[in-house]
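Asks: To start, I am sharing the structure in question, which I have written as structure tokens.
The values are calculated or read from the model by the stated rules, or taken from the named source; none is laboratory data. Note that the structure is a prediction, hence the values are computed from the model and not measured. Here the Cβ positions follow ideal geometry from the backbone for every residue, glycine too, while neighbour counts run over all protein chains shown. What goes into the accessible areas is simple: the full protein's heavy atoms, side chains included, and nothing from ligands, DNA or RNA. Shrake-Rupley method; radii C 1.70, N 1.55, O 1.52, S 1.80 Å.
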Amino acid sequence: MKTAKIGGLVIGLASAVIALGVLHAQESLPPRLRGPVLEGPNIAQLKRGQQDYVMRNCHFCHGPTLADARGGGADLGHSQLVANDRGGDMIGAVVRAGTPRTQTAMPRYPDMSDAELSDIAAYVHYMRQRIHDKEIASAALPAGDAEAGKAFFLAHCAACHSGQHALSAAIAGYDDKALAQRIARPAPALPTAPADAPGREEHLRLLELEKPQDVGNLVAFLRASKGKVGADEIRLFAAHPPPVESRFALQCGMCHGKDGLGSLRGPALRGNPDVAALGPEGIQAFIAQGSASGMPAFKLTQRDLDAYSAWILDTGARR
Amino acid sequence: MAGKDPTDVTRRQFAGAIAATGLAASLAPRAIAQAFETDPPLAPGSMADLAGVRMGVETYCFHDVPRNGDPAIIPMLTQYMHDVGINECEIMSAHIEQTTGLGNGWWVTARQQPTYPQERAAARQWRIATPPAYYEAIRERFRASGISIYSYNLNVNETFTDEERDHAFIAGRALGAEVLVASCTISEIPRSAPFAEKHGMILSPHNHNNIYDPDQFATPEGFERAFAVSPNVKATLDIGHFAAGNNDPVDFIEKHHDRIAVLHIRDRKRDNGPHVPLGQGDARVRDVLRLVRDGKLPIRCYVELEYGSLRPPVDEVKRALEFCKSSLV
């Protein structure tokens, strides 16, 4: 019994020392790399992610806070690929494959664990949300286009804010400026809301997508419609997803150009005889498996795989 | 090849390892100490000559130094070089020029920034208008600290005018440099080489590892094309990037040692792998250094580091130089 107590004491002491060591290691992040104070319900993950972001040298090209990318480092604060990332799925594909065709070739990190990747992705998204939050808050509210606002609402808001959760009652209580602030920062204030606050994750995700113009458009739409959209319109929208060009631009455009005609980071796909020779199945396998020449492996839906291969080959098939 | 330094682990690896081995009580205090201690300075100049190998540092290593005209830059650099025991260096233009990073025009993607045209024009104007006395004053600051500048790193590129290229070499000469190092394209060599000849300097292209773009320095063939342009062209071979492009730096040095001005001593993994501390990658750092030593090759060996670390950059440079010393002495 006594031995067990001593053993427990040793284990407890050892655990405390480990915790102290890890805590000190986090606090030892040099001031030039620390950035703003991290806060939120996932603070432990953010701190791990911040430190791994430095230890993997991401900060060197992309900037410690994402706002200060330098040289050839991609602007992660506004990258479409990061906007499409869910828990590291898109970021991880690129990080593990590297970008060997860029001017100085971003290295690949094939040994990065899922846990480390998830932590880094959490930190990247957190910093990205702060950037967008600041940009929206500091910008004068642009004149809005109600039709564009409606399209944004249908794509991102209507699934929750229709029917019994319609916004019509809430909208009336705000002037335009206050309404814009509420769109960017719905109550409770982000990002310190409890992890289980309704819609928290979706709103944080939306914050990463939004630009000041989107907010202006939404305000114009909400003013004109009082936030009401018909159930038929929602069903119609859901049945007609964005065209393949738009989806390709978001998921693949960073490297292959929004039009599939190539960029500084990756080769042209449309009109490329080497790609055409692969055929639809070959293209789909290439997307799913990636390649040693820097193409990451992406887990896409079969619908997207079919649509992309058809569009790249310009067969006029499913779009 | 050297074994991996057991202290060079990530926090995650460290925590996992000690949890697995039950050595927490004995090892954790060491980790705590590492987080706060910095390595003591070395004696000035003590690492400058290691068994006849001329060691130095690319000032790029000192990532905590401000850039672009900050008056704190030169005193910080000279102090750091004292602390790591070096008395010769390659200095990067961002530590010299009072221009913005975007204004150099080197980064192709940065040319798409909306402010690029103005910043590029301002940088060009600054280069052309700045007299040699500006650079000579910097040279004297270094010389007063016992440090000489062997090479000037300015990335000439296709956005440079010939007048600007001329002033790049004028600046290098005024700094006391014999070599103008440039991360440039192969097609830039015929444009800049005549100015190297005019000023009696060496134009020294520096490689990365984009092996897919035939205009990038990343393979032996790329350097060989540049050597054919002028006898004033010699390589700054970055052995880490070279290895990341699946090339063998030892083979290249054996074949072309008379056309190499500087080696950037860096380590990376093959297949576009990550940057790592010296000895942990595929650049054959020990073999390279011993080849220079045993062949009595007059090639500068300058440490250049880029891996992630929580330690101050000056400490990482010290560790790199200690690794070189252990390889040579």
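Asks: Given a 1.4 Å probe and every protein chain left where it sits, what share in percent of the accessible area of segment A:206-278 is carbon and sulfur? Working shown, then result.
Replies: Working: 2370 of 3730 Å².
That fraction is 63 percent.
Asks: I'd like the per residue volume of the convex hull spanned by the Cα atoms of chain A, given in cubic angstrom.
Replies: It comes to 189 Å³ per residue, whole-number rounded.
Asks: Turning to a different aspect of this structure: Taking the full set of protein chains and a 1.4 angstrom probe, give the accessible area of B:Thr59 in square angstrom, rounded to the nearest 10.
Replies: 0
Asks: How much accessible area does B:Leu310 have with a 1.4 Å probe, in Å² rounded to the nearest 10?
Replies: 40
Asks: Ordering A:Cys160, B:Cys61 by how much accessible area each has at a 1.4 Å probe, largest first, what is the list? Intermediate results must be reported in sequence, preceding the final value.
Replies: Values: A:Cys160 85, B:Cys61 5 Å².
Reading off the accessible areas and sorting them downward yields A:Cys160, B:Cys61.
Asks: Just to be sure I understand the model, the point goes 7 Å from the Cα along the line to the Cβ. What's the resulting A:Ala195 to A:Ser138 distance in nm?
Replies: With each label point 7 Å from Cα toward Cβ, the separation is 3.2 nm.
Asks: Shifting gears a bit: Rank these residues by their accessible area, most exposed first, probe 1.4 Å: B:Cys301, A:Cys61.
Replies: Values: B:Cys301 0, A:Cys61 50 Å².
Largest to smallest exposure gives the sequence A:Cys61, B:Cys301.
Asks: Evaluate the relative contact order of chain A (contact order divided by residue number), counting alpha-carbon pairs under 8 angstrom at least 6 apart; express in whole percent. Intermediate values should be presented prior to the final figure.
Replies: Numbers: 393 pairs, mean separation 55.8, N = 319.
Across chain A, relative contact order equals 17 percent.
Asks: Using a 1.4 Å probe over the heavy atoms of the protein chains, calculate the carbon and sulfur portion of the accessible area of segment B:189-329 as a whole percent. Walk me through the numbers before you get to the answer.
Replies: Numbers: 2320 of 4700 Å².
It is 49 percent, rounded to a whole number.
Asks: For chain B, rounded, prolate or oblate, judged on the Cα gyration tensor with a ≥ b ≥ c (square roots of eigenvalues), a/c < 1.5 rounded, else prolate if a/b > b/c?
Replies: On the way: a/c = 1.63, a/b = 1.45, b/c = 1.12.
Prolate is the answer for chain B, as a/c is 1.5 or above and a/b outweighs b/c.
Asks: In square angstrom, rounded to the nearest 10, how much accessible surface does B:Tyr302 have for a 1.4 Å probe?
Replies: Counting only protein heavy atoms, the figure is 0 Å².
Asks: Cα-Cα pairs above 16 Å in segment A:140-238: how many percent? Intermediate results must be reported in sequence, preceding the final value.
Replies: Values: 2639 of 4851 pairs.
Result for the distance tail: 54 percent.
Asks: Between beta-carbons, use under 13 Å as the cut-off and find the net charge around A:Gly63, counting Lys and Arg +1, Asp and Glu -1. Numbers along the way, then the final one.
Replies: Values: positive: A:Arg32, A:Arg34, A:Arg70, A:Arg128, A:Arg130; negative: A:Asp68, A:Asp75.
Local charge sum for A:Gly63: +3.
Asks: Using a 1.4 Å probe, what is the accessible area per residue for the protein assembly as shown, in Å²? Please list the in-between numbers first.
Replies: On the way: 28390 Å² over 648 residues.
With all protein chains present, the protein assembly as shown gives 44 Å² per residue.
Asks: Could you state the orientation-averaged shadow area of the convex hull built on the Cα atoms of segment B:264-329, in nm² to one decimal?
Replies: Numbers: hull surface 17.9 nm².
Averaged projected hull area, Cα only: 4.5 nm².
Asks: Follow-up. Take peptide A:95-104, look around each residue's Cβ out to 10 angstrom, count Cβ atoms belonging to other protein chains, and average those counts. Write out the running numbers ahead of the final one.
Replies: Numbers: counts 0, 0, 1, 6, 2, 10, 6, 6, 11, 10.
Mean shielding by partner chains, rounded to a whole number: 5.
Asks: Another question about this same structure. Be a star and scan segment B:204-244 for residues whose amide nitrogen sits under 11 Å from the point 7 Å along the Cα-to-Cβ vector of B:Lys255.
Replies: From segment B:204-244, the list is B:219-225.
Asks: Using a Gaussian network model of chain B with C-alpha springs under 10 Å, which one of B:Gln118, B:Gln79, B:Gln216 is most mobile by mean-square fluctuation?
Replies: Answer for the Gaussian network model of chain B: B:Gln118.
Asks: Quick one: angle between helix B:313-328 and the longest Cα principal axis of chain B, in degrees between 0 and 90, rounded to 10, please.
Replies: So the inclination is approximately 80 degrees.
Asks: If you don't mind, another one. Which of the helices in chain A, when you take each full DSSP H run, stretch at least 30 Å along the axis at their Cα atoms and have an average Kyte-Doolittle score of 1.0 or higher?
Replies: On the way: long enough: A:2-27 (37 Å, 1.12); A:114-138 (36 Å, -0.56).
Result, helices passing both filters: A:2-27.
Asks: Label-point separation (nm) for A:Asp232 and B:Tyr212, each offset 7 Å from Cα along Cα-to-Cβ?
Replies: Calculated label separation equals 4.9 nm.
Asks: First obtain the Kirkwood hydrodynamic radius of the protein assembly as shown from its Cα pairs, then insert it into the Stokes-Einstein equation at 20 °C and 1.002 mPa s, and state the resulting D in µm² per second as a whole number. Spell out each step's value before the answer.
Replies: Numbers: Rh = 27.3 Å.
D = 78 µm²/s.
Asks: For segment B:164-219, what are the per-bin percents of Cα-Cα distances with bins 10 Å wide, up to the bin holding the maximum?
Replies: 25, 49, 22, 4
Asks: Angle, helix B:24-36 long axis vs. longest principal axis of chain B, Cα atoms, 0 to 90°, nearest 10?
Replies: Helix B:24-36 sits roughly 30 degrees off the main axis of chain B.
Asks: Give, ordered by residue number, each residue of segment B:260-280 whose 1.4 Å probe accessible area is reduced by a minimum of 20 Å² on adding the remaining protein chains to the chain alone.
Replies: B:Asp271, B:Asn272, B:Pro274, B:His275
Asks: Find the relative contact order for chain B and round it to a whole percent, using C-alpha pairs within less than 8 Å whose residues are 6+ positions apart.
Replies: Values: 621 pairs, mean separation 59.3, N = 329.
Normalised by residue count, the contact order of chain B is 18 percent.
Asks: When a/c is below 1.5 the answer is rounded, else prolate if a/b is larger than b/c, else oblate, so apply that to segment A:244-313 with a ≥ b ≥ c taken from the square roots of the Cα gyration tensor eigenvalues. Intermediate values should be presented prior to the final figure.
Replies: Numbers: a/c = 1.16, a/b = 1.08, b/c = 1.08.
It comes out rounded by the Cα gyration axes.
Asks: Could you order peptides A:216-228, B:236-248 by the average number of other Cβ atoms within 10 Å of their residues, highest first?
Replies: Working: A:216-228: 20.2, B:236-248: 26.8.
Descending mean neighbour count gives B:236-248, A:216-228.
Asks: For segment B:54-119, place one equal point scatterer on every Cα, skip the solvent, and apply the Debye formula. What is log10 of I(q)/I(0) at q = 0.21 Å⁻¹?
Replies: Debye curve over Cα of segment B:54-119, log10 I(q)/I(0) at q = 0.21 Å⁻¹: -0.85.
Asks: Using a 10 angstrom cutoff on alpha carbons, build the Gaussian network for chain B and name the most mobile of B:Ala123, B:Ala133, B:Ala196.
Replies: B:Ala133
Asks: Quick one: ranking A:Glu147, B:Glu304, A:Glu233, B:Glu254 by accessible area, 1.4 Å probe, largest first, what do you get? Please report the intermediate quantities before stating the final value.
Replies: Values: A:Glu147 125, B:Glu304 10, A:Glu233 65, B:Glu254 105 Å².
My answer, sorted largest first, is A:Glu147, B:Glu254, A:Glu233, B:Glu304.
Asks: What does the buried accessible surface come to for A and B, summed over both chains, with the probe at 1.4 Å? Round to 100 Å².
Replies: What A and B bury together is about 3600 Å².
Asks: If you add up the charges near A:Ala151, with Lys and Arg at +1 and Asp and Glu at -1, over every other residue whose beta carbon is less than 11 angstrom from its beta carbon, what do you get? Write down the numbers at each step before the final one.
Replies: Values: positive: A:Lys150; negative: A:Asp145, A:Glu147, A:Asp214, A:Glu233.
Charge balance in the 11 Å sphere: -3.
Asks: What fraction of the DSSP beta bridges in the protein assembly as shown is antiparallel, stated in percent and rounded to the nearest 5? If you can, show how the numbers build up before the last one.
Replies: Values: 6 of 33 bridges.
Bridges in the protein assembly as shown that DSSP calls antiparallel: roughly 20 percent.
Asks: Taking 25 °C and 0.890 mPa s as the conditions, I'd like the Stokes-Einstein D for segment B:196-297 in µm²/s, using the Kirkwood hydrodynamic radius from alpha carbon pairs. Numbers along the way, then the final one.
Replies: Values: Rh = 13.7 Å.
In µm²/s, the coefficient rounds to 179.
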